[in-house]
1. Can you classify segment 249-308 as rounded, prolate or oblate using the Cα gyration tensor, where a ≥ b ≥ c are the square roots of its eigenvalues, rounded means a/c under 1.5, and otherwise it's prolate if a/b beats b/c and oblate if not?
2. About the Cα centre, and with charges only on the beta carbon of Lys, Arg (+1) and Asp, Glu (-1), how big is the dipole of segment 137-217? Nearest 20 debye, please.
3. Too long at a 26 Å Cα-Cα cut-off: which of 192/263; 63/175; 133/192; 64/263?
4. Report the chymotrypsin sites (Phe, Trp or Tyr not before Pro) located in segment 172-279 that are in a DSSP loop and have at most 11 other Cβ atoms inside 10 Å of their Cβ, or state none.
5. Going toward the positive end of the dipole of segment 104-245, with +1 on Lys and Arg Cβ and -1 on Asp and Glu Cβ, which of 174, 105, 119 do you reach last?
6. Sequence-distant or interchain residues sharing an amide H contact under 5 Å with residue 40, placed H: which?
7. Order the following by accessible area, largest value first: 274, 95. Probe radius 1.4 Å; ligands, DNA and RNA are ignored.
8. If DNA, RNA and ligands are ignored and the probe is 1.4 Å, what is the ranking of 67, 164 by accessible area, most exposed first?
Amino acid sequence: MRARYGVPLSLTAVGAAGLAYAAAFEVRSFRLRRVTVPVLPRGMRPLRVLQVSDIHMVRGQRKKRHWLQSLAGLRPDFVINTGDNLSDPEGVPETLDALGPLMEFPGAYVFGSNDYYGPRLRNPARYLTERFKGQHGLNGNAPAVHAVHNPWEDLRDAFDAAGWIGLSNSRGRLKLEGTEIALTGLDDPHIKRDRYAEVAGGPESGADLSLAVVHAPYLRSLDAFATDGYPLILAGHTHGGQLCIPFYGALVTNCDIDPERVKGLSTHTAGGHTSFLHVSAGCGTNRYTPVRFACPPEATLLTLTARD
């Protein structure tokens with residue numbers, strides 16, 4: 001009996017221990033990633049940008065709320081929220097409580113699919129099959145039916161009242177002590193709400209820096225931003241793969257970007273131009289898959305410096 005069942009039982013025990021670690025510890029092991037990106041004109045002072053993404057707030061997540069509130073102590077020059085704030089139709093008050101201290105700083109935001117619609121229970125293995133079939137979100141799959149509608153309008157109104165700029169298929173500008181940042185954003189490509197034609201044209205003249213913002217880093221959006229010459233693109237959505245293999249990395253990205261760029265700083269080239277791309281692994285999970293493995297929840301402080 002030992003020879004027949006010893007190895008399977010050992011593997012089961014290891015799997016159970018890994019699941020317990022992923023659900024009980026790592027999913028609440030919040031981290032701050034720091035990166036430096038040389039995109040500013042020469043002679044311009046460095047700028048510190050805090051990117052928060054994929055909060056997926058569910059009622060009762062006190063540790064996540066307190067951690068997000070503590071990020072205000074970083075004193076960023078401005079904040080970029082790359083969407084998927086909600087994972088609970090009644091999570092707006094706690095989301096705003098978590099982001100309240102950050103909303104004292106200049107900021108901008110785009111929404112993701114989970115801001116508009118509540119998540120549904122699904123087999124996690126479908127993310128693997130969808131990757132191999134090239135189907136992600138509404139990009140290849142049938143439209144969702146009987147979806148729960150989240151109160152995203154309440155979130156929008158609160159962000160707007162705080163002075164944050166909504167960038168869903170629109171442009172905006174931030175003025176920071178003599179520095180002017182032009183921002184161009186898209187609504188979520190994951191559910192085909194992106195309308196690049198409405199914001200096409202590239203960086204704005206007269207601004208010290210132009211940034212591109214989108215929730216899900218689908219290649220069509222990255223290609224458009226890079227072709228138009230944006231020096232830096234900020235995105236989220238991927239959760240960094242969420243369940244990763246140590247020393248290997250992510251298996252899925254939940255969009256058509258390659259797993260090698262599922263999180264962190266990389267580059268994207270299209271139309272003869274190369275842009276820096278930063279994809280946040282986010283600090284939350286879908287409420288039905290509250291686990292992370294080899295991919296801690298995070299926010300990112302990007303220090304923008306002068307180009308070489």
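The values are calculated or read from the model by the stated rules, or taken from the named source; none is laboratory data. Bear in mind that the values here come from a model prediction, so they are computed numbers and not experimental data. Every residue, glycine as well, gets a Cβ built from its backbone with ideal geometry; the counts of neighbours run over all protein chains shown. These area figures cover heavy atoms from the full protein model, side chains too; ligands, DNA and RNA do not enter into them. Shrake-Rupley method; radii C 1.70, N 1.55, O 1.52, S 1.80 Å.
1. oblate
2. Around 240 debye, computed over segment 137-217.
3. In this structure, 63/175 exceed 26 Å between Cα atoms.
4. Those that pass, being in a loop and sparsely packed, are 247, 248.
5. Of the candidates, 119 comes out farthest on the positive side.
6. The answer is 305, 306, 307.
7. From most exposed to least exposed: 274, 95.
8. 67, 164
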